[in-house]
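Here's the structure we're looking at; comments come further down.
Laboratory data are not the source of any read-out in this text; all were calculated from the coordinates shown. Owing to the predicted nature of the structure, the values given are computational and were not obtained by experimental measurement. Ideal geometry is used to build each Cβ from the backbone, glycine not excepted, and the neighbour counts take in all protein chains shown.
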Amino acid sequence: MRFSGKRVLVTGAASGIGRATAIRFAREGADLTIGDINIAGLEETAASIARPVNLQRYDASDYASCHRLVAAAAASGLDVLCNIAGIHDWGPSTEFDEVRFERSLSVNLTSLFALCRAALPHLIESGGNIVNISSAAGMVGVAYNAAYCAAKHGVIGLTRSLAIEFAAKGVRINAICPGMVNTPMIHAPRTEVKADIDWSLTARNAPKLASGGCEPEDIAEAIAWLASDQARKVSGAAMPIDCAQTAG
């Protein structure tokens, strides 16, 4: 019960890593707010949690919506912000227009800044912390993923910059960099890509452990550890949980 009485906001909680993280924090006693654009998914997550949960629909591409989410979660204070919501859009760069590129940056990076900015005054007051989700794609280049890689590299830069800026104010800020995780995002259909793809380039980023990729619960466990007092001396970290994908 590491989070008994702690006020925790988890975004992207309608499925995948976000859902597993919400369930993990609730199991450890957190007073939980979960946010996502998919309200039906949020309701499914809440139904699997045996304690009251504050459900909030928000749109990560709408920064005013991000601010409202934090305000709702922090009505009586905030101890932990878990920035997990994101999208994965990919394809050959010559066919990937600027509108798609900007959307990837908006949802995967700028929305995190908006949420952090809104949450930081509350976290300074509580001595709380932030855990951002980057990606293995934030640590290396991945073919056909220029926008996603740019955004996820940006998440690491944002995390480290804020960690330095707010360290003296008692706020820890870290990032997790998952590799391939068994989530709806990884299983999304690829029929929208019409051009020839050199799959050997993407195979370089496959998990290298014999057991294969991660489950959402593996990432949730790492998030909970970083958010807990057990990691009280950890800030500015970008922790890969990627089955050796980025090891070389």
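Stretching the chain fully between GLU43 and LYS208 yields a gain of 55.9 nm (0.36 nm per residue, less the alpha carbon separation). The charge dipole of the chain, taken about its Cα centre with unit charges on the Cβ atoms of Lys, Arg (+1), Asp and Glu (-1) only, comes to about 700 debye. Angle of helix 16-27 to the longest C-alpha principal axis of the chain, folded into 0 to 90 degrees and rounded to 10: 20°.
Relative to the longest principal axis of the Cα atoms of the chain, the long axis of helix 63-73 makes an angle of roughly 40 degrees.
Note on GLN230 and ASP218: the model spin-label points, each 7 Å out from Cα along the C-beta direction, lie 1.7 nm apart.
Applying the Karplus relation 6.51 cos²θ - 1.76 cosθ + 1.60 with θ = phi - 60° to segment 93-101 yields 3J(HN,Hα) values of 5, 5, 10, 9, 6, 5, 5, 5, 4 Hz, where x marks Gly and Pro. Measuring nothing but how far apart in sequence close Cα pairs (under 8 Å, 6+ apart) lie, relative to its length, the chain scores a relative contact order of 20 percent. For LYS169, the aspartates and glutamates whose Cα comes closer than 20 Å to its Cα, not counting residues fewer than 8 places off in the same chain, are ASP79, GLU125, ASP229.
Per-residue ellipticity at 222 nm computed for the chain from its helices equals -11500 deg cm²/dmol, with DSSP H segments shorter than 4 residues left out and the rest contributing -39,500 (n - 2.57). Take the Cα of GLU95, go 7 Å toward its beta carbon, and the backbone nitrogen atoms of segment 140-159 under 19 Å from that spot belong to 142-149.
For ASN54 and ARG27, the FRET efficiency from 1/(1 + (r/R0)^6), where r spans their Cβ atoms and R0 equals 22 Å, is about 0.85. Against the chain, whose longest principal axis is taken from its Cα atoms, helix 146-166 shows a tilt of about 30°. Note on THR202, THR21, THR159: ascending count of other Cβ atoms within 10 Å places them as THR202, THR159, THR21, the fewest first.
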